[in-house]
Amino acid sequence: MILNIIKNTKVCLLLLVISVFFSCTPMKKQIYLGVGTNSAKASTATALDVYKLQPGDMLYIKVQTLDDKTYRLFNSEWVNTQGASEISLFVDSYTLSDSGYIVMPLTGKVLLQGLTIQEAQNNIQKSINAFLLSANVIVKLINYKITILGEVNKSGTYKIYDNSINVLEAIGIAGDMTVFGNRQNVMVLRKSQGNKLAYLDITDINVINSEFFQLKPNDVVYVQPTVAKTLGFKEFPFSILFTSITTVFTGITTVVVLINYLKK
């Protein structure tokens, strides 16, 4: 009987070791931007890859002028309201045509394709200056959104109210990865480059040198699951396993106590 109990104990311990081996992720695989295989190069990271405007982009353009009549000519009513809806932004925004132009009052066509937001603002400012004095132009990209899917705590599509965002910031917006997120194989789908794919290892500090580290409008980030989840260890019945081991050890203890008692 004792041999059977010991045999069962070995089986339970083996199952425990296997489950822990597959379900636990090594600490080095959970650390963001750890020391990479070529970390010396990380200090010379490339300059920020600033987004260049392309056909279909929507811009919020505000022209500040001294008199109200001219101001109303360039700006829609929603500009003066707080919390303008996305529908208002969509309807009243300036959209780059297939040829890369926008059409504004007085100035007519303004070519913006291939320019950064700052360069576009400067071009529009020059066009306005030819007709108005003391006018000030503000330009924002309003169709900047990214989609985050997979092993994150809050997947979904997010509006970005900034000029740039990187992969780590995107993961932060999505509530960080789950424990089953594969940090060494994060997929980025870049729709603006004809659905180009890249796989990033965000445990390696050299990932900041990748052109895909800085996200662009309409990028899709997919955090793939680790092998542990693929094998189904997310639902592993640890409570049952530990209960069984506890029962076995309790049985062994009882038998040993009984044998010692009978020897007296």
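The values are calculated or read from the model by the stated rules, or taken from the named source; none is laboratory data. Bear in mind that the values here come from a model prediction, so they are computed numbers and not experimental data. FYI the Cβ positions are ideal-geometry reconstructions off the backbone, even for glycines, and counts take in every protein chain you see.
One line per residue, one yes/no per condition, for (1) assigned by TED's automatic domain parsing to the domain that holds residue 155; (2) over 12 Å from the mean Cα position of the chain (by Cα); (3) modelled with pLDDT under 95:
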site: 180; (1), (2), (3): yes, yes, yes
site: 193; (1), (2), (3): yes, yes, yes
site: 196; (1), (2), (3): yes, yes, yes
site: 199; (1), (2), (3): yes, yes, no
site: 203; (1), (2), (3): yes, yes, yes
site: 208; (1), (2), (3): yes, yes, yes
site: 211; (1), (2), (3): yes, yes, yes
site: 222; (1), (2), (3): yes, no, no
On the basis of being touching a Ser or Thr at 6+ places or on another chain (Cβ under 7 Å) and without any contact (Cβ under 8 Å) to a residue 60 or more places away in the chain, does residue 131 make the cut? yes
Being surrounded by fewer than 19 Cβ atoms within 10 Å (Cβ to Cβ), modelled with pLDDT of 90 or more, touching an Asp or Glu at 6+ places or on another chain (Cβ under 7 Å) and hydroxyl-bearing (Ser, Thr, Tyr) is the requirement here; does residue 157 meet it? no
Please verify whether region 123-136 includes one or more residues that are outside the structural domain of residue 223 (by TED's automatic domain parsing), buried (at least 18 other Cβ atoms within 10 Å of the Cβ) and in a strand (DSSP E or B). no
Does region 141-181 hold any residues that are part of a loop (DSSP other than H, G, I, E, B) and among the hydroxyl-bearing types (Ser, Thr, Tyr), and which are they? 144, 155, 161, 164, 178
Which of (1) modelled with pLDDT under 95; (2) surrounded by 15 or more Cβ atoms within 10 Å (Cβ to Cβ) is the odd one out, the single condition residue 151 does not satisfy? (1)
Given the condition under 21 Å from residue 192 (Cβ atoms) and either modelled with pLDDT under 90 or hydrophobic (A, V, I, L, M, F, W, C) (or both), answer yes or no: does some residue in region 72-79 qualify? no
Selection over region 176-213 where residues are under 17 Å from residue 151 (Cα atoms) and of a type in the set (A, V, I, L, M, F, W, C) yields a count of 9
